[in-house]
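Peer 1: Got a structure for you, written out below as structure tokens; questions coming shortly.
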Amino acid sequence: MATNWVGPDLENLRRTKGLSLVKIAQNTKIGVRYLEAIERGQFAKLPGGLYDISYIRQYAQAVECDEAALLEHYRDTTEASPPVAGSPEPAPWPCAKTPYSFSLVRWFDTLILRNVSTRKLRKI
């Protein structure tokens, strides 16, 4: 299924089309190292997030391969593993609940209100 489009198969497909990685990189503006990672199925070497999906789609379009199958393989190999039982939950971000952050908000509110009132007084 999707695994047919990884490794040597992608490289062979690209070569039969007469395309080099450099040529694809120039056309897609994707770095050669990322294109190599896609060909080898080493998706962990990609920058992550939406960039991965975009790069894979552009590569698939450049070599005219099944984009959906390649993306399916990407999703299958990069699925997050389920959490291990007994692993600690990450601690919540402490800064959002500190009095310091609240005082900064009050300070910015005061600054903005002061600026607005000063501008209104200048117009009068």
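Peer 1: Residue check: is Glu11 in contact (Cβ under 8 Å) with a residue 24 or more places away in the chain, surrounded by fewer than 19 Cβ atoms within 10 Å (Cβ to Cβ) and not small (Gly, Ala, Ser)?
Peer 2: Details: in contact (Cβ under 8 Å) with a residue 24 or more places away in the chain: yes; surrounded by fewer than 19 Cβ atoms within 10 Å (Cβ to Cβ): yes; not small (Gly, Ala, Ser): yes.
When the stated conditions are applied, Glu11 passes them.
Peer 1: How many residues, within the stretch 14-44, are surrounded by fewer than 19 Cβ atoms within 10 Å (Cβ to Cβ) and farther than 22 Å from Glu72 by Cβ?
Peer 2: 14
Peer 1: Please go through the stretch 36-54 and pick out each residue that is in contact with a Ser or Thr (Cβ under 8 Å, 6 or more places away or on another chain) and part of a helix (DSSP H, G or I).
Peer 2: Phe43, Ala44, Asp52
The numbers here are math on the coordinates, done by the rules we state, and not lab data. Computed from a predicted structure; not experimentally measured. Please note: Cβ atoms are built from the backbone with ideal geometry, for glycine as well, and neighbour counts cover all protein chains shown.
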